[in-house]
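A.B. asks: What follows is a single structure, and I will ask about it in a moment.
The values are calculated or read from the model by the stated rules, or taken from the named source; none is laboratory data. Everything numeric here is computed off the predicted structure, so don't read it as measured data. Please note: Cβ atoms are built from the backbone with ideal geometry, for glycine as well, and neighbour counts cover all protein chains shown.
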Amino acid sequence: MTDPLAAEARRLRVEEHLSVVEIRARLGIGRNRAYALLRGVPPPKWTRRPRARDDARAEALRLRATGWSVNRIAVRLGVAKSTAYQWVRHLPLDPDAATAERRRAHAKVMTEARWGAYREARDAEQAAVQARAAAAVGGLGERDLLVLGAAIYWCEGSKSKPWRSQDRLEFVNSDPLLLALFLAFLAACGVNREGASYRLLIHESGEVEATEHWWAERLGLPLERFTRATLKRHSPTTVRRNSGESYRGCLVITVPRSRQLYWRVEGLIAGIETALTAMGDA
């Protein structure tokens, strides 16, 4: 049975060429309802907002058809190279694959000749800065581990809320370094690796058992302390970049019956705040 409201909305769109706003006013319906009734019905041409670059895009297509490169088109039309590329990328400049490959190889050689020395100098400077910074760290004492551990927990761990009191430490991360640092913090607080439990958070496409073994080996964790993994269901609308062999999900470290340890973290954070305040007053 045809919905009379849907039929009238479509008639107003097709025959009277009304906009969504006008149809809503005529029928007394909301925005979502209007779009649902008009699904699949193209809008009238007059409602399409003219775009300032339509003419430029048409000219870019014409120039590309005559053999112009993306760079030449961008300069000619006064647009960014990336914009020109987006307009004409579906139109290959040269149908000859061999010729196109030679041109790409030549462009790569020219780019390397132009930027190779700069990249080498930049990489050398980066390595030198990193080496100096690493040397400045030196060793980590108990105080360092307590301060660092409390800080990263306050960033990535579960915290008390006005509506929920936190009675245990729970830390979640995907970075092995931060997880190793948190384990060192626990050790400084008297909690060894057997005193905590571990849980994997991973997309359902991941290899749960293999990934648990990877984390256990990487961080020296007892496999028998791993609890059931939590799987994230697949969403077709999500573009995932954290995939492939390097994808390890997130690891949750939970310390049971650690209310006093959580209080200790709160105290360490309060101490950091006091120290910062003193620095500001100095």
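A.B. asks: Output the number of the condition that SER197 fails; it satisfies all remaining conditions of (1) touching a Gly at 6+ places or on another chain (Cβ under 9 Å); (2) farther than 22 Å from ILE272 by Cα.
C.D. replies: Only one criterion in (1) touching a Gly at 6+ places or on another chain (Cβ under 9 Å); (2) farther than 22 Å from ILE272 by Cα is unmet by SER197, namely (1).
A.B. asks: Does PHE171 count as part of a strand (DSSP E or B), in contact with a helix residue (DSSP H, G or I) (Cβ under 6 Å, 6 or more places away or on another chain) and not hydroxyl-bearing (Ser, Thr, Tyr)?
C.D. replies: It is true that PHE171 is part of a strand (DSSP E or B), in contact with a helix residue (DSSP H, G or I) (Cβ under 6 Å, 6 or more places away or on another chain) and not hydroxyl-bearing (Ser, Thr, Tyr).
A.B. asks: Also: Would you call ALA131 among the aliphatic types (A, V, I, L, M) and more than 28 Å from TRP214 (Cα to Cα)?
C.D. replies: yes
A.B. asks: For segment 16-37, which positions are at pLDDT 85 or above and part of a loop (DSSP other than H, G, I, E, B)?
C.D. replies: The answer is GLY28, ILE29, GLY30.
A.B. asks: Could you please find all residues in segment 38-76 being under 14 Å from VAL20 (Cβ atoms), at pLDDT below 80 and basic (Lys, Arg)?
C.D. replies: Listed by number, the residues that qualify are ARG48, ARG49.
A.B. asks: Look at segment 141-168 and say how many of its residues are without any contact (Cβ under 8 Å) to a residue 40 or more places away in the chain and assigned to a loop (DSSP other than H, G, I, E, B).
C.D. replies: Within segment 141-168, residues that are without any contact (Cβ under 8 Å) to a residue 40 or more places away in the chain and assigned to a loop (DSSP other than H, G, I, E, B) number 6.
A.B. asks: Would you be able to say whether some residue in segment 222-234 is modelled with pLDDT of 90 or more, in a loop (DSSP other than H, G, I, E, B) and of a type in the set (Lys, Arg)?
C.D. replies: The answer is yes, given that some residue of segment 222-234 is modelled with pLDDT of 90 or more, in a loop (DSSP other than H, G, I, E, B) and of a type in the set (Lys, Arg).
A.B. asks: How many residues are of a type in the set (A, V, I, L, M) and farther than 12 Å from ILE272 by Cβ if we restrict to segment 132-151?
C.D. replies: Total meeting the criteria: 7.
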